[in-house]
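Contents: one structure, followed by commentary.
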Amino acid sequence: MQRNHVIIGLILLGVIFLAISLPLGLFWVAKSATQDEWNSKVSGRRTPAEIKGIMDAMVRYNQEPPNFLPQSGLDDHLCAATVINAMNFIVGEDLLQSVPAWFFQKTNQDKLTLVFDRSDDFTVEGSSVVEKKDRGFWLSKILPDPNGMYVLGYLYRDSVAMGTLAKKELGATLNSHLMLLLPKVGEHRWGFHLFHAPGKEHLNPVLIERLDDRMAKDFDLIYIWQIKGIELPEKGEDMFVVNDSLPYEKVHSHLNNGPEFLEYYLDTIAVWWLNFGRYEQFPDVVKLHDGVVKVPLNGKVFHGKVLGFYKKVPIYYHGHETQARSNFGQTWQCVEYANRFLVKACEHRNLERTGHADSYFWKAKAKGLESYLNGSLTAPQPDDLLIFDKSDSDGKVGHIAVITSVDKDKVCFVQQNFGKRWYDCLPVVVSDHNWYIEAGKPYPALVAGWVRAKNNAVNL
């Protein structure tokens, strides 16, 4: 009997040991894996041009903003943790401590300069923070340095933190959320906050140039902080931030499901487990150049997703028919990319609304282009447009691509509106100095030939 008691006791001790060691082991693995990924992508303080380039990219390609999941521990203060993590990632070091939004100033005061404060416009009434005086204003008239890096502290009136804010803890400010102010691109400024989701317009960085009746009624700006020691140049490096992390909507439901004192550990494990083997927790930063730049496509593609670049001009995934138009044509048709490439890379005039793909070959002269029939003595060259079409009278619209490289046995090109096959190569046969590009399935027609912008002509 006594022996049985010993065995039962040992079994219970083993169960208790596993119950404690297994979660701790998972937390250690999750924390280590997260830190290793962070270290592989954040190797040190980025240059001002790199910082500006990353922030510019978050606006220019705002259909797929990076998620910047916090390094570990997603809790009730998810908004602040996300924005602070984004800033640290963009800067390239752990510059700011991750805390609730209302302790952001208190905890990071040596790194911040308060440049705007309208907390006197608010008062605490019971369990609510109430705005006494409303006002609209332009951000550009408030910011002391147009090239600074700024964080907005705002109050979201439906926030679960309202009760906490109303208690006015020692050193707490009145903002329930944080937002990173992105650089001005074009005529507007944009803000990065929480719950961005690729391909969903209402969950992209928000337009925030001015705060007036166009802003959400539940949004009240209270503070603006400038991060010390960061002076951004007028032009940043050409960058792209690859979003290969799990969308927030897939993460959020798995968080805050345990006792509060265990949330940090449980959420760290949950985020790592959800990403394991499928997604990465932090984005990749890609520096663009004049060659072909391939973008990883591990996540879901959607209409408007960037597939890759050639000469810094992005190729977008078409996905489905739409009547929407860019400045260069209907999004994201093959002709739209060809026209955009001519304008951006070859300084050609905009050919928007000038016809289908086949017209670029059969009516090349009217478009200011030189055409060369497949089998021509004139070899194709990079930046030429490659046209697939049987004849001018076949009733088909054809297909168009942009040549990126040419050698004696193949020609490579980039294209839009051909599924995920945005980069491809076709065999070349040179016979008696005549250049033939051979095309077959999956392409809808033979190669009619190639056309060249006149200011891109060489060796003619």
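Any read-out appearing in this document is the output of simple, stated calculations on the displayed coordinates, not a laboratory observation. These numbers were taken from a predicted model, which means no experiment stands behind them. Cβ atoms come from the backbone with ideal geometry, glycine included; neighbour counts cover every protein chain shown.
Straight-distance candidates among the aspartates and glutamates for linking to Lys367, with alpha-carbon spacing under 20 Å and chain neighbours fewer than 8 residues away dropped: Glu336, Glu347, Glu352, Asp358, Asp383, Asp384, Asp389, Asp392. What the Cβ-Cβ distance of Lys250 and Phe302 gives, at R0 = 22 Å and to the nearest 0.05, is a FRET efficiency of 0.90. Among the trypsin sites (Lys or Arg not before Pro) in the range 70-141, those located in a DSSP loop and surrounded by at most 15 other Cβ atoms within 10 Å of their own Cβ are Lys132, Lys133, Arg135. Remark on Tyr61: its backbone amide H falls under 5 Å from none of the residues 5 or more positions apart or on other chains, H modelled at 1.01 Å from N.
By the Cβ rule of 4.7 Å, the chain holds the following cysteines without a possible disulfide partner: Cys79, Cys334, Cys346. Using R0 = 41 Å, the C-beta based FRET efficiency linking Ser140 and Ser40 works out to 0.60. If both residues of a DSSP beta bridge must be in the range 292-456, then about 95% of such bridges are antiparallel. Taking every full run of DSSP H in the chain, the ones that stretch at least 15 Å from end to end by Cα along their long axis and average 1.6 or higher on the Kyte-Doolittle scale are 78-91.
Mean sequence separation of contacting Cα pairs (under 8 Å, at least six apart), scaled by the length of the range 390-460, corresponds to a relative contact order of 22 percent.
Over 21 Å apart at the Cα level, from the set Lys235/Lys312; Lys141/Lys344; Lys363/Lys396; Lys41/Lys106, are Lys141/Lys344; Lys41/Lys106. Entry note, the chain: relative contact order of 14 percent, from Cα contacts under 8 Å with a spacing of 6+ residues. Converting phi to 3J(HN,Hα) with the Karplus coefficients 6.51, -1.76 and 1.60 and the offset θ = phi - 60°, the range 358-370 yields 5, 5, 5, 9, 6, 10, 4, 4, 5, 9, x, 10, 9 Hz in sequence order, with x at every glycine or proline. Of the chymotrypsin sites (Phe, Trp or Tyr not before Pro) in the range 247-284, the ones in a loop by DSSP (not H, G, I, E or B) with at most 13 other beta carbons within 10 Å are Phe276.
With neighbour counts taken as other beta-carbon atoms within 10 Å, the residues Cys79, Cys412, Cys425, Cys334 rank, fewest first, as Cys425, Cys412, Cys79, Cys334. Taking 14 Å as the straight-line reach from the Cα of Lys408, the aspartates and glutamates in range (excluding those fewer than 8 positions away in the same chain) are Asp432, Glu438. Annotation: aspartates and glutamates with alpha-carbon distance below 18 angstrom to Lys133 (same-chain offsets under eight excluded): Asp117, Asp120, Asp121, Glu125, Asp212, Asp213, Asp218, Asp220. Count Lys and Arg as plus one, Asp and Glu as minus one, and take only other residues whose Cβ is under 11 Å from that of Val411; the net charge is then -3.
Set against the 2.2 N^0.38 Å expectation for a compact globular protein, the chain has a Cα radius of gyration ratio of 1.22.
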